[in-house]
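In what follows, a structure is listed as structure tokens, so that the remarks can point back to it.
The values are calculated or read from the model by the stated rules, or taken from the named source; none is laboratory data. The structure presented is a predicted model; accordingly, all values stated were derived computationally and were not measured. Note: ideal-geometry Cβ built from the backbone for every residue, glycine included; neighbour counts use all protein chains shown.
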Amino acid sequence: MSRRLSGKHILVTGAAQGIGLAIAKACIAEDAALFLIDMDGALLADEAQTLLSSGARLGYARADITDAAAIHTIVAQAGREIGPINALINNAGINVFSEPLETTDAEWDRCFDVNLKGAWNCCKAVLPGLIEQGGGAILNIASTHAFTIIPHTFPYPLAKHALLGMTKSLGLEYAARNIRVNALAPGYVSTQKVIDYWNSFADPIAAKAETMRLHPGGRIATPEEIALAAVFMISDECPFMNATCLTIDGGLSVQQHP
Ligand SMILES: NC(=O)c1ccc[n+]([C@@H]2O[C@H](COP(=O)([O-])OP(=O)(O)OC[C@H]3O[C@@H](n4cnc5c(N)ncnc54)[C@H](O)[C@@H]3O)[C@@H](O)[C@H]2O)c1
């Protein structure tokens, strides 16, 4: 086992599958102790039990990040189970894709409740502990949707733009407290969320082929490739990286045309 995250007690949200689960596994491989949360309690329990049986130091709980009171309670529980939380990876997020004028108030609210307010609920719950401990790190899993727009995906990119704004704001507010707040912006990553996106088209196979065609390297990222960057950003290997965003999209978002 490599020990790049020894001494880290990390809360990871949305950890039952996809990018969150890959991040959890990568952090465990670097000797971190973890507390995992996800609103899919059954899936989370399955994955957590597998990790525990292979020797991981972790606790877990079913929780919805939109429930601020529950998150507050869970941070205290996590502190008792794995030690005081000194790092947070805000990964839980949902796609809400529509046309602007067809977006219902309920869709708008759900999009911002999970993708922005949920992340803030977790920041708000851990920040007092980080201040008390004299420092820590927060990593928000944003998206290339945090600075570019794909038509017909309203209002998801708005929430990710705001998440990047929150990253910058909190990074500045708490820099003097030795707390780093950064964001990671993946492009397309091979998770269920992307499969669901392709399946929303009349011809999912053509939609997938078009996604691959748009990428300079002809493929999308694996969750493990995103996790490699997350480990670096939450570790002590980048102590002056703060209030910024690292893009991992294979070059997708810098090209003028595919
Ligand atoms: N997959 C991609 O292509 C991609 C690209 C850019 C950014 N992202 C971002 O990465 C993050 C993870 O995406 P993914 O593709 O792994 O998603 P996923 O759907 O595979 O997994 C997300 C997990 O979050 C959990 N979750 C959702 N809402 C929650 C809530 N309110 N409270 C607690 N848990 C909740 C889900 O149960 C699920 O287990 C998201 O923030 C997403 O916006 C994904």
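For LEU5, the criteria (1) in contact with a Ser or Thr (Cβ under 9 Å, 6 or more places away or on another chain); (2) within 30 Å of PHE112 (Cβ to Cβ) hold in every case but one, which is (2).
Residues in the range 1-52 that are under 19 Å from ILE138 (Cα atoms), assigned to a loop (DSSP other than H, G, I, E, B) and near the ligand (Cβ under 9 Å from one of its atoms): GLY14, ALA15. Of the residues that sit in the range 125-148 and are within 14 Å of the ligand (Cβ to nearest atom) and not in a strand (DSSP E or B), which one is farthest from THR66 (Cα to Cα)? Across the range 125-148, the extreme among qualifying residues is THR148. Comparison of ALA162, ALA125 shows that the only residue that is touching a helix residue (DSSP H, G or I) at 6+ places or on another chain (Cβ under 7 Å) and crowded, with 22+ Cβ neighbours inside 10 Å is ALA125. Taking the conditions (1) more than 26 Å from GLN255 (Cβ to Cβ); (2) buried (at least 20 other Cβ atoms within 10 Å of the Cβ) in turn, PHE154 satisfies each one other than (1). In the condition set (1) at pLDDT below 95; (2) in the same structural domain as ILE138 (by TED's automatic domain parsing), ARG180 is compliant with all but (1).
Look at the range 31-58: where a residue is free of Cβ contacts under 8 Å to residues at least 24 places away in the same chain, no partner that is of a type in the set (Val, Ile, Thr) and surrounded by fewer than 15 Cβ atoms within 10 Å (Cβ to Cβ) sits 6+ places away or on another chain with Cβ atoms under 8 Å. Of the residues making up the range 216-242, those that are part of a loop (DSSP other than H, G, I, E, B) and crowded, with 18+ Cβ neighbours inside 10 Å number 3. Picking from ASP113, ASP105, which residue would you name as being surrounded by fewer than 20 Cβ atoms within 10 Å (Cβ to Cβ) and within 14 Å of the ligand (Cβ to nearest atom)? Only one candidate qualifies: ASP113.
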